[in-house]
Amino acid sequence: MNISQAVAFRIAELLKEKNLTQYKLGQLACLSHDTIKSIMKGKAKGVNLKTIIAVADGFNMTASEFLNSPLFEYNNLNMD
């Protein structure tokens, strides 16, 4: 899986865990719903650090906490 897919999976995990919608996350993260939707549908070619920080903030966590998942382990990512 690539990094964008890992971010989408992590967002999906946290949305379920925190009982939030994509729309509400967008509001909390100060990102447009289209940005969240694009990430979740795999249309975002890459997700930059600024977006990851905003998403993490929307979940009331640090970027480090957001990235602290087996999804982001080097062996689980396709780095091409």
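Bear in mind that the values in this text are calculations on the coordinates, not laboratory data. Keep in mind it's a predicted model, so treat the numbers as computed, not measured. As a convention, Cβ positions derive from the backbone with ideal geometry for all residues, glycine included, and neighbour counts pool all protein chains shown.
For region 39-46, check the following and say yes or no: at least one residue is part of a helix (DSSP H, G or I) and without any contact (Cβ under 8 Å) to a residue 60 or more places away in the chain.
Yes, region 39-46 has at least one match.
Take the residues in region 65-78 that are touching a helix residue (DSSP H, G or I) at 6+ places or on another chain (Cβ under 8 Å) and loosely packed, with under 12 Cβ neighbours inside 10 Å, then tell me which one is farthest from C30 (Cα to Cα). Step through it out loud before you land on a result.
Pass one, region 65-78, residues touching a helix residue (DSSP H, G or I) at 6+ places or on another chain (Cβ under 8 Å): 65-67, 69-72, 76-77.
Among the residues that remain, those that are also loosely packed, with under 12 Cβ neighbours inside 10 Å are: 70, 76.
On the way: P70: 26, N76: 29 Å.
Per the criteria, the residue is N76.
Is it true that some residue in region 68-77 is part of a loop (DSSP other than H, G, I, E, B) and more than 13 Å from the chain's Cα centre (by Cα)? Full working, then the answer.
To start, the set of residues in region 68-77 that are part of a loop (DSSP other than H, G, I, E, B) comprises 68-69, 73, 77.
Applying the additional criterion that residues be more than 13 Å from the chain's Cα centre (by Cα) yields 73, 77.
Scanning region 68-77 turns up at least one residue that is part of a loop (DSSP other than H, G, I, E, B) and more than 13 Å from the chain's Cα centre (by Cα).
Please go through (1) surrounded by 12 or more Cβ atoms within 10 Å (Cβ to Cβ); (2) out of contact with any helix residue (DSSP H, G or I) (no Cβ under 6 Å at 6 or more places or on another chain) for Q22 and return the number of the only condition it doesn't satisfy.
Condition not satisfied by Q22: (2).
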